[in-house]
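Colleague: Quick one: the structure is below, and I'll ask about it shortly.
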Amino acid sequence: MPTLNWLKKEFDYGYDSGNVVSRFPNKVRRSEENRIGGSYRQVFRRCIKPFLTSDAQVLELGPGKGAWSRSILNLIPSGKLQTVDFQDASQWLAPEQYDGRLSCHQVTDNSFDCIGAESIDFFWSMGVLCHNNQTHVREILTNSFSKLRPGAHSCHQFADWKKLNRYGWRRGGVPIEFQQMEDDEIWWPRNSTADMVDIATSIGWEVVQRDLGLLRRDGLILLRKPI
Ligand SMILES: C[S@@+](CC[C@H](N)C(=O)[O-])C[C@H]1O[C@@H](n2cnc3c(N)ncnc32)[C@H](O)[C@@H]1O
């Protein structure tokens with residue numbers, strides 16, 4: 001299932017996590033936060049906000065309907081956000097309303113060809129790597145590397161089956177049958193913090209924090225491109 005073909009089709013309805021920074025989560029966000037075991041508001045404050053200056057050039061993979069994108073745009077009034085998704089996110093994010101501060105690239109692969117070399121100050125994804133198998137995670141972290149400026153940070157949520165085992169599959173909303181199935185048959189392929197660290201370091205990323213520890217079900221890795 002989580003082959004690129006499945007991913008390209010699955011989220012065409014526009015995945016929406018709601019307003020991720022509001023003090024009181026809506027119903028959808030509350031249910032997602034219960035499954036993931038963490039607060040999106042806290043994730044935004046700890047994983048994104050510290051890396052945004054008002055003129056930052058930001059890259060987001062897999063914005064879906066743009067729950068995180070809108071809050072990022074609010075913090076970069078003279079910067080720019082570029083999103084990369086298999087879906088046409090412009091139908092939900094309406095880049096024409098942002099005076100050139102938002103570009104939504106619809107892509108068909110993990111090449112990041114649409115992004116300029118060494119142009120990005122911060123790279124973010126939520127709910128994306130967890131659906132990509134390790135081959136594709138490696139492709140994403142490899143091909144995005146040259147797009148970041150030296151010293152720039154990159155932060156990603158990812159699946160960690162060890163944490164999921166501790167947290168509980170039912171509680172985490174992941175079907176327990178997946179344990180007996182191959183990665184290409186499921187939408188939550190095997191991954192772990194140790195594997196993410198291995199993949200990232202082998203590409204040349206500096207691992208600032210292997211897991212920021214804000215989510216009880218999943219990992220959040222913070223990387224930096226060495227200077
Ligand atoms: C579960 S949704 C998450 C949306 C949003 N980030 C959120 O948290 O609300 C995953 C999104 O990532 C996109 N996606 C998944 N893997 C991708 C990849 N390798 N390249 C581009 N887009 C991808 C999907 O098309 C979908 O829009």
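What follows draws every value from the coordinates through simple rules; no lab data is involved. Everything numeric in this text was worked out from a predicted model, so none of it was measured. Here Cβ is always computed from backbone atoms with ideal geometry, including for glycine, and neighbour counts include all displayed protein chains.
Colleague: Over the chain, what number does the Rg to Rh ratio reach, with both radii from the alpha-carbon atoms and Rh per Kirkwood? Walk me through the numbers before you get to the answer.
Modeller: Numbers: Rg = 16.4 Å, Rh = 17.6 Å.
Result for the chain is an Rg/Rh of 0.93.
Colleague: Next up: In nm, what is the difference between 0.36 nm times the number of residues separating residue 27 and residue 4 and their Cα-Cα distance?
Modeller: Values: separation 23, 0.36 × 23 = 8.28 nm, distance 2.98 nm.
That works out to 5.3 nm of additional length.
Colleague: From the helices alone, meaning DSSP H stretches of at least four residues, give me the mean residue ellipticity at 222 nm for the chain, per-run term -39500 (n - 2.57), in deg cm²/dmol to the nearest 500. Could the numbers behind the result be given before it?
Modeller: Numbers: 9 runs with 68 residues, N = 227.
Mean residue ellipticity at 222 nm (helix-derived): -8000 deg cm²/dmol.
Colleague: Tell me, what is the FRET efficiency for residue 209 and residue 12 to the nearest 0.05, using R0 = 35 angstrom and their Cβ-Cβ distance as r? Please list the in-between numbers first.
Modeller: Numbers: r = 34 Å, r/R0 = 0.96.
Between residue 209 and residue 12 the formula returns 0.55.
Colleague: Could you go through the range 36-42 in sequence order and give the Karplus-derived ³J(HN,Hα) for each residue, using 6.51 cos²θ - 1.76 cosθ + 1.60 with θ = phi - 60°, rounded to whole Hz, and x for Gly and Pro?
Modeller: Calculated HN-Hα couplings, in order: 7, x, x, 10, 5, 4, 5 Hz.
Colleague: Determine the gain in length on full extension of the stretch residue 54-residue 78; use 0.36 nm per residue of separation and subtract their C-alpha separation, reporting nm with one decimal. Numbers along the way, then the final one.
Modeller: Values: separation 24, 0.36 × 24 = 8.64 nm, distance 0.57 nm.
Roughly 8.1 nm would be gained on extension.
Colleague: Using packing as a proxy for protection, rank 43-50, 79-86, 162-169 so that the peptide with the highest average count of other Cβ atoms within 10 Å comes first. Show your work: numbers first, answer last.
Modeller: Numbers: 43-50: 17.5, 79-86: 23.2, 162-169: 15.6.
Top of the packing list down: 79-86, 43-50, 162-169.
Colleague: Oh, and also: Between the range 1-73 and the range 159-227, what is the C-alpha centre distance in whole Å?
Modeller: 17 Å
Colleague: Next question, about the same structure. Among residues other than residue 51 whose Cβ falls under 11 Å from its Cβ, what is the net charge (Lys/Arg +1, Asp/Glu -1)?
Modeller: Working: positive: 46, 49, 224; negative: 121.
Net local charge, residue 51 excluded: +2.
Colleague: At a Förster distance of 22 Å, what's the computed FRET efficiency of residue 198 paired with residue 143, Cβ-Cβ distance as r, to 0.05?
Modeller: Details: r = 18 Å, r/R0 = 0.81.
Efficiency for this residue pair is about 0.80.
Colleague: Can you list the HN-Hα couplings for the range 21-26, worked out from phi with the Karplus curve (6.51, -1.76, 1.60; θ = phi - 60°), rounded to whole Hz and with x for Gly and Pro?
Modeller: My calculation for the range 21-26 gives 10, 5, 5, 10, x, 6 Hz in order.
Colleague: Averaging sequence separations of C-alpha pairs under 8 Å and six or more residues apart, then dividing by the length of the chain, give the relative contact order as a whole percent.
Modeller: Details: 443 pairs, mean separation 48.3, N = 227.
Computed over the chain, the figure is 21 percent.
Colleague: Let me ask something else. Can you list the HN-Hα couplings for the range 147-162, worked out from phi with the Karplus curve (6.51, -1.76, 1.60; θ = phi - 60°), rounded to whole Hz and with x for Gly and Pro?
Modeller: In residue order, the calculated couplings are 7, 8, 6, x, x, 6, 9, 9, 9, 9, 7, 8, 6, 9, 5, 5 Hz.
Colleague: Now for a separate question. Set the Förster radius R0 to 41 Å, insert the Cβ-Cβ distance between residue 190 and residue 118 as r into 1/(1 + (r/R0)^6), and round the FRET efficiency to 0.05. Write down the numbers at each step before the final one.
Modeller: Working: r = 33 Å, r/R0 = 0.80.
The calculated FRET efficiency here is 0.80.
Colleague: Still on this structure, please answer the following. With no solvent and one equal point scatterer placed on each C-alpha of the range 59-162, evaluate the Debye formula and give log10 I(q)/I(0) for q = 0.10, 0.12, 0.13 Å⁻¹, two decimals.
Modeller: Normalising to I(0) and taking log10 leaves -0.26, -0.37, -0.44.
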